[in-house]
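A short worksheet on the structure shown next.
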Amino acid sequence: MTSILIAVAVLSLLALVFGVILGFASKKFKVEGNPVIDQVEALLPQTQCGQCGYPGCRPYAEAIANGDHINKCPPGGTATMEKIAELMGVDQEPLNAEAQSSVKKVAYIREDECIGCTKCIQACPVDAILGAGKLMHTVIAKDCTGCDLCVEPCPVDCIDMIPLETTLQNWDWKLNTIPVKVIHSEQEEQAC
Amino acid sequence: MLTILEQLDKGSLWQSPGGIHPPQLKTLSNQSAISRLPLAKRFVVPVPLVGEQATLTVTVGDKVLKGQILTEGAGFTYLPVHAPTSGQIIAIKQHATNHPSSLPTLSCIIEADGQDTWCDLTPNSLNQLSKPQILDKIKQAGIAGMGGAAFPSHVKLNPASEIDLVIINGIECEPYITSDDRLMRDHSHEIMSGVGVINHLLNPQRIIIAIEDNKPEAAQAMQDALNRSDLPKGVVRVTVIPTKYPSGGEKQLIQIITGKEVPSGAIPAQLGIVVHNVGTAYAIQEAIYQGKPLIERVVTLTGEHIGQPGNYWLPIGTTVADALQSVKFIESAEQKVIVGGPMMGYALAELDVPILKGTNCLLVPSQNEIAPDVDEKACIRCGECAVACPALLLPQQLFWHAKAEEYDKAASFNLKDCIECGCCSYVCPSDIPLVEYYRVAKSALKIEAEEKRQAEQAKIRFETRLQRLEDEKNAREAKAKEAAAKRQANMKSSDKDAVAAAMARIAAKKAQVTTAPSTASSTETATQTSQAVVDPKKAAVNAAIERAKAKKAAQASAARNDTLDSTSESVIVDDKQAKIAAAVARAKAKKAAQINQTDMVPTEVEPSTDIIDDKKARVAAAVANAKAKKITKENQTDETALAPQPTAEIESTTDIEASTDPIDDKKARVAAAVAKAKAKKLAQANQTDVTILAPHPTTDIESTTDLEATTDLIDDKKARVAVAVAKAKAKKLAQANQADEADTTIESIANDSITAQHTETPPTLKHEIASGSDTRLIINDDSAAYLTPEQIKKAKVAAAVAKAKAKKLAKSAEQEEH
Amino acid sequence: MAFKIASSPHVSTSLHTNTVMKRVALCLIPGIAVQSYYFGLGTLIQLFLAVSVAYLAEAAVMKLRHKNIKATLSDNSALVTASLLAVAIPPLAPWWLIVIGTLFAIVIVKQLYGGLGNNVFNPAMAAYVLLLISFPVQMTSWVAPQTIALNHADLVSSLQSIFELNAQYSAEYFRTGVDGITMATPLDTLKTDLSMGLTTTESLAKPIFSGMTTQSWFWVNMAYLAGGLIMLKLKVIRWHISGAIIASVFVCASFGFLISPDTFVSPLMHLFSGGTMLAAFFIATDPVTAATSPRGRLIFGAMIGVLIYLIRTFGGYPDAVAFAVLLANMCAPFIDYYVRPRSYGHRTGN
């Protein structure tokens, strides 16, 4: 009988001790907010395009943290989806929209055709279009995220999405993509 | 334990890790002195900084002289570009550049005139110039590191921290290359005076001229030059180090000379060390003592497929094709043309590219010298690469991750510390092009970092935008409130009684207009109103509503036109501009005025008070008319549709309709005839609506019924029948409504008007919108019309009259009720 | 006009994988020669069998994987794997033993893991262990040294024995010494004796240790040592793994011997009998399955040495080279992970 009592007492004591430890830990190591949101947001491409159905990348990150599908980000493409799948520990899903080509694009306004309606300015999520009413608009290329949102509102359809040009700064060293034709030997040239 | 300086003086050397000993093959090109090649016809001078840091100072067709500056710009790392020879600029266009990618960059194409005429040069001596002047001269001479990296030299000569040790790099550890070797042999004096300039600028404790032991002649020449020079004794020293690739790397050389490692991510200057190439020292000397900019350099043209291998002075901008042509270049199948040495150089895809400041060698090897590429085989993890790596990396691990495109993992193995020396690829038994993998991985990491930065930037911009929109919204609301407060304040400052009286008067008129029973109710309303006016806000709204009602009433009874006219005219007399505007407006809307002048005035006053210029006012009025018509038309068609959702806007719109629209006389007469019915209907509708919507009777509904009343022809019968019922209820309505209506209406009106101003950002549009298009503003301005002091005076007078009348009416109403 | 482009560097050493493998195979020759001298021509027959099967198996797998057969075969790695397995198994073991072993080594251990460079375990040793635990009798039927054997195994009788054509020439037949005692390897005998309660001194007094048997094993090991030294000289291998194995076996054995000479045999006995030298220079040095950094390799080698000693002394099997190597193979990735050298410019501390 006493042994049972002792066992109960010991277990109760242990429960108490661990309870106190847990309580302390929950206070001491409390994490403010949901760190997963920040992590997901860091993976999203920040184009703020809203193609996921949320007004920006942060709201979508929040939605993912709350269990939304991870396949709603066309600008991020499959790579982003895979990273999020890894982070969230969920299965990978095929993108629900056709993934944009991996080539980064920027908007370009054909300035001759622009009528200065300011509609694209209002559509741009990152304020990367400059212009005033009835005056020509232009895109600040370095701030353009290539989100496509300005193309639709343009009444005269003067906005193109053009792929970013390869420059010496962003060249990727993939030598085998440089077009090279091997020159013929002298003998062959003579034969020709 | 010796101090570092003592060890330097002793010539102690340290071991650098890794490294290889490839066959040197330097004798191919170092046998003869540096010579010159015939001047090329065409030069390609890249101006890559144009558009970023610099602007071109020349245009197509300009004649340039040798050494003339082609660009000007600012910025710490900006370097000017010079014309390599005299001639004419025949094009400024994108041209393939001397880069592994062969991507085009903006270049000036200069056609040489063959004269090779120098521009004006200003030789100086060290004593004539201050240090900043010397640095500026070096910068203006466009001197960049001649070792290959082409980093602007003036930056390295003007460090933020104290420099204790300068190393003059004459190592040239790459096989084949002998340009520095020959330069040291042929121009040791000039190099030494360049060292003197560096010494003058940096004033270090020691200057070490480091030369590999495979160049004994060069070391000897430098030593001789040092002995003959007037440099302070004991400061400069020539140190010969053992031959090993890549001892010439900056970090490796520092380790060999001092035993120190440059921390990852740091620059040598943080250790108090600066490394300059011997070629740079030569160029500095030329710039200071001759005044010559850096427009030519020694280039080793070597390899078995070059007929006359050797070292040549080549102007910067000479195309590789021209240079090779003049040294009897033998072309073969699968020919490689390598810029730089065999270890770190890159093969060119195109030969029409210029020689640059960092181009030290053109290697054109035969198949025997450099075996054709073989397919890469599986890595057997032999670890030879790790042994050879001078940066102590684990190339096989880097390769593993780079191949799997796990670039972040590769980065965790310190990929960024890779100097791309090629030792790992050199020793690899599986022929894996390791360096290529690393370059791809590095650029991918760079792009990734850039994208991350851009994403961060986009996020910030996005959030800023949201903030801005939020702020604008808040500002709008604040403004609306402010405007309301202003009105309120004005109401307060003016005689409340006057306003109240004015309204009472209007109500009274209305009461007079309507039939006897309804007069009673109207009087009730009027008295009710004057009580409610205690709250000025409400009063303002009430005023607007009452006015609207009064208009309707006035419309109905032409007999009362005179009195109303006087009041409404008294409203405008105060303002000169308002007068003018009103005059203009009158002229414009003659027809309308004929029919109902009273209505005309308040509406047309609006543009005049808003806009100060006459012209503008006219224009605005015209616009207003046009737009009002449009709106009216729309309203007319939409009336039935809009009926269920009547707003304050519609109320005012219909006002305009009545006033500005040139309504046919017929119509007007009909309208006048029906006016009685309207008034009745008004009362009736109010009551019925109130019964339906008893808890929330609003002006909206009231106004809707007004609208309906004006436009729809309702049976007189109905109206009369209703009037009887209405009488009693109208009282109730009036009592209940006055207070509530006021609040909501004024706010909605104010908000709307401000929205109208702010939704359209372009300032040019503002006036038009504000003045003409939006009828909502009319109400605002109507109320604004009450604000002016003169008007208030007149209003007071009118109020006094009105009060008396109201009393009378009230009395009669009382009598009737009793 | 366009020119051939390639990434730098444009030059490289002539020491390629196939050369390295060829040199390893060539350096096995002294050992094979001495082994054949002492234990008969069986080794050569096994070698021939193993190499043929290995090349055939590799070619077949390459065909299935749609890879370049010629390129793969020419890297000579199959040759080395087959040779190592051939010298490790008893010279007169039945033919199917070496065939099974080689097939297992090439197809399963090497190619199924992705081919050369991707295999986790040393193929020869994995196959050896498979054979050892599946066919323990055949795998421990080591022949007596030819000089003291009762029945000489010449080429014909070896062939007949290996291909089980003549019942007379069983493994047992050739294992019998002149004195009519069935021979085992010295380590095997020692193990049995110790388990029967004999001291090492008593066991070593047995004829098997006194005469030619020990001596023959000594010379076989010496031959492998010689081959290994040549490889070191040719820079085919680096010294770290071999040195660490030899040093750790020596240290462990000396330690045991000093504590209790009766139950632990001498260091020399450990170093020069069984497969110690073969393992130290030819098996453990397989770069694919070893650690890569110098420090990692020292740890890797020391681990093998200690394991060899421990399994030999306390384990159930007389020789432990294969087990030790496989266990160390498993640890190699961990060793590599934790023994990363400091990169330039990443000085710890100051």
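Roughly speaking, to the nearest percent, how much of the stretch A:35-88's 1.4 Å accessible area is carbon and sulfur?
That share works out to 50 percent.
Buried accessible area for the B:C pair, summed, 1.4 Å probe, in Å² rounded to 100?
4200
P(r) for the stretch B:373-493, please, calculated from all Cα pair distances in 5 Å bins and given in %.
Histogramming the stretch B:373-493 at 5 Å steps yields 2, 10, 15, 13, 9, 6, 5, 5, 4, 4, 4, 4, 4, 4, 3, 3, 2, 2, 1, 0 percent.
In whole Å, largest first, what are the principal axis extents of the Cα atoms in the stretch B:1-146?
66, 44, 33
Can you check how the C-alpha radius of gyration of the stretch A:109-160 compares to 2.2 N^0.38 Å, as a plain ratio?
Expressed relative to 2.2 N^0.38 Å, the Cα Rg reads 0.96.
For the stretch B:108-124, list residues with backbone N below 19 Å from a point placed 7 Å from the Cα of B:Ala91 toward its Cβ?
Hits in the stretch B:108-124 for B:Ala91 at 19 Å: B:108-113.
Pop out a list of residues from the stretch B:422-442 that are at least 20 Å² less accessible with all the protein chains around than in their chain alone; 1.4 Å probe, no ligands or nucleic acids counted.
B:Ser425, B:Tyr426, B:Pro429, B:Asp431, B:Glu436, B:Arg439, B:Val440
Can you pull the one-decimal nm distance between simple spin-label points at B:Leu5 and B:Lys808, each 7 Å off the Cα toward Cβ?
Spacing of the two 7 Å Cα→Cβ label points: 11.5 nm.
List the trypsin sites (Lys or Arg not before Pro) within the stretch B:263-339 that DSSP assigns to loop and that have no more than 15 neighbouring Cβ atoms inside 10 Å.
Within the stretch B:263-339, the qualifying trypsin sites (Lys or Arg not before Pro) (loop, at most 15 other Cβ atoms within 10 Å) are B:Lys328.
Go through B:Lys137/B:Lys251; B:Lys137/B:Lys292; A:Lys142/B:Lys446 and tell me which ones have a Cα-Cα distance over 18 Å in this structure.
In this structure, B:Lys137/B:Lys251 exceed 18 Å between Cα atoms.
Quick check on my link table: of B:Lys131/B:Lys416; B:Lys26/B:Lys336; C:Lys22/C:Lys70, which ones sit more than 26 Å apart, alpha carbon to alpha carbon?
Exceeds cut-off: B:Lys131/B:Lys416.
Largest first, how would C:Val99, B:Val339, A:Val156 line up by accessible area (1.4 Å probe)?
A:Val156, C:Val99, B:Val339
For the stretch B:25-347, give me the percentage of DSSP beta bridges that are antiparallel, rounded to the nearest 5 percent.
Here the share of antiparallel DSSP bridges comes out near 60 percent.
Compute for chains B and A the buried accessible surface, both sides summed, probe 1.4 Å, and express it in Å² to the nearest 100.
Rounded to the nearest hundred, the buried surface is 2900 Å².
Please give me, ordered by residue number, the trypsin sites (Lys or Arg not before Pro) of the stretch B:16-70 that lie in loop per DSSP and have at most 15 other Cβ atoms within 10 Å.
Qualifying residues, ordered by number: B:Lys41.
When the Kirkwood hydrodynamic radius is evaluated over all pairs of different C-alpha atoms of the stretch A:35-88, what value in angstrom, to one decimal, is obtained?
When all Cα pairs of the stretch A:35-88 are included, the Kirkwood radius is 10.5 Å.
How far is it, in nm, from the label point at C:Ala71 to the one at B:Asn124 when both lie 7 Å from their Cα along the line to the Cβ?
Going from the C:Ala71 label point to the B:Asn124 one covers 6.0 nm.
Could you work out the longest stretch of chain A that avoids the trypsin sites (Lys or Arg not before Pro) located in DSSP loops with at most 16 other Cβ atoms within 10 Å?
Here the longest segment lacking exposed loop sites spans A:31-109.
Quick one: grab the alpha carbon gyration tensor of the stretch B:25-347, order the square roots of its eigenvalues as a ≥ b ≥ c, and give me rounded if a/c is under 1.5, else prolate or oblate depending on whether a/b is larger than b/c.
Taking the square roots of the gyration eigenvalues as a ≥ b ≥ c, the stretch B:25-347 is oblate.
Accessible area drop of at least 40 Å² (1.4 Å probe, protein heavy atoms): which residues of the stretch B:247-261 qualify, relative to the chain alone?
B:Glu261
Averaging over every viewing direction, what projected area does the convex hull of the Cα atoms of chain A cover, in nm²?
23.8
Give me the Å³ per residue figure for the convex hull around the C-alpha atoms of the stretch B:201-302.
Dividing the Cα hull volume of the stretch B:201-302 by its residues yields 151 Å³.
Calculate the FRET efficiency for C:Arg342 and B:Ser12 from the Cβ-Cβ distance with a Förster distance of 22 Å, rounded to the nearest 0.05.
0.45
Could you work out the Rg to Rh ratio of the stretch A:1-108, with Rh taken as the Kirkwood radius (inverse of the mean 1/r over all Cα pairs)?
Rg divided by Rh gives 1.35.
Regarding the stretch C:184-338, what are the three Cα extents along the principal axes, ordered largest first, in Å?
Dimensions of the stretch C:184-338 along the principal axes of its Cα atoms: 45, 30, 24 Å.
Rounded to the nearest 0.05, what FRET efficiency is calculated for C:Ser254 and B:His21 with R0 set to 30 Å and r the Cβ-Cβ distance?
Taking R0 as 30 Å, the efficiency between C:Ser254 and B:His21 is 0.15.
Where in chain A is the longest stretch that carries no GluC sites (Glu not before Pro) classed as loop by DSSP and with at most 16 other Cβ atoms within 10 Å?
Between exposed loop sites, the widest span is A:33-97.
So what does log10 I(q)/I(0) come out to for the stretch B:348-400 at q = 0.15, 0.20, 0.28 Å⁻¹, using the Debye formula with one equal point on every Cα and no solvent?
The computed values of log10 I(q)/I(0) come out as -0.79, -0.92, -1.03.
State the extension gain, in nm to one decimal, for the chain segment bounded by B:Phe76 and B:Glu477, taking 0.36 nm per residue of separation less the distance between their alpha-carbons.
Length gained, B:Phe76 through B:Glu477: 139.6 nm.
Residues of the stretch A:35-88: accessible area per residue at 1.4 Å, in Å²?
That works out to 41 Å² per residue.
Keeping the other protein chains in place, figure out the carbon and sulfur percent of the accessible area of the stretch B:173-270, with a 1.4 Å probe.
Solvent-exposed carbon and sulfur of the stretch B:173-270 make up 49 percent of the total.
Considering only DSSP states other than H, G, I, E and B, which GluC sites (Glu not before Pro) in the stretch B:4-109 qualify as loop sites with at most 11 other Cβ atoms within 10 Å?
B:Glu52
The values are calculated or read from the model by the stated rules, or taken from the named source; none is laboratory data. Just so we're clear, the structure is a prediction, and the values are computed from it rather than from any experiment. Positions of Cβ are generated from backbone atoms using ideal geometry, with glycine treated the same way; all protein chains shown enter the neighbour counts. These accessible areas exclude ligands, DNA and RNA; they are computed on the full protein's heavy atoms, side chains included. Shrake-Rupley method; radii C 1.70, N 1.55, O 1.52, S 1.80 Å.
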